[in-house]
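Here, each number is a calculation from the coordinates, and none is a lab measurement. Please read these numbers as outputs of a predicted model, since none were measured by experiment. Cβ placement follows ideal geometry from the backbone for every residue including glycine, while neighbour counts extend to all protein chains displayed.
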Amino acid sequence: MKMKILICAAVAGCLLGCAKTTTQTLKGTLCSCTTTQVTVLEQDKLHYDIIQLTGTTIIKPPVTPPCTAGTLVEATYNPTDAQRKENPSGTCPPTPPPA
């Protein structure tokens, strides 16, 4: 009986540990923003990230549309809320036209 309790406790601990969310912090240049996402050019200029703005996303300094492209920002976000793209041009990607 004690063995079952010990196994259950170990499984519960593993599940709780696996459910822990991690965040990622990125410093770079703000390319564009909307009410739902920001695009940030990484400092190496080889990649840019499209980050969805969720309840856990933190952008410092805070930005709201219309935002000023070229502003240095720090974004803290859940990695599943972002897409990292290669950037051979070394500059911000073109901003899509408003819908």
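Whole-percent P(r), the stretch 22-86, all Cα pairs, 5 Å bins from 0: 4, 20, 36, 27, 12, 1. Taking Cβ atoms as reference points and 14 Å as the exclusive limit, the residues near R84 contribute a net charge of -3, counting Lys and Arg as +1 and Asp and Glu as -1. Near S32, the amide H atoms lying under 5 Å from its own belong to T39; only residues 5 or more places off or on other chains count, and H is placed 1.01 Å from N. Each residue of the stretch 56-68 was assigned a 3J(HN,Hα) from its phi angle through the Karplus curve 6.51 cos²θ - 1.76 cosθ + 1.60 (θ = phi - 60°); the sequence is 9, 6, 10, 10, 10, x, x, 10, 9, x, x, 9, 9 Hz, with glycine and proline shown as x.
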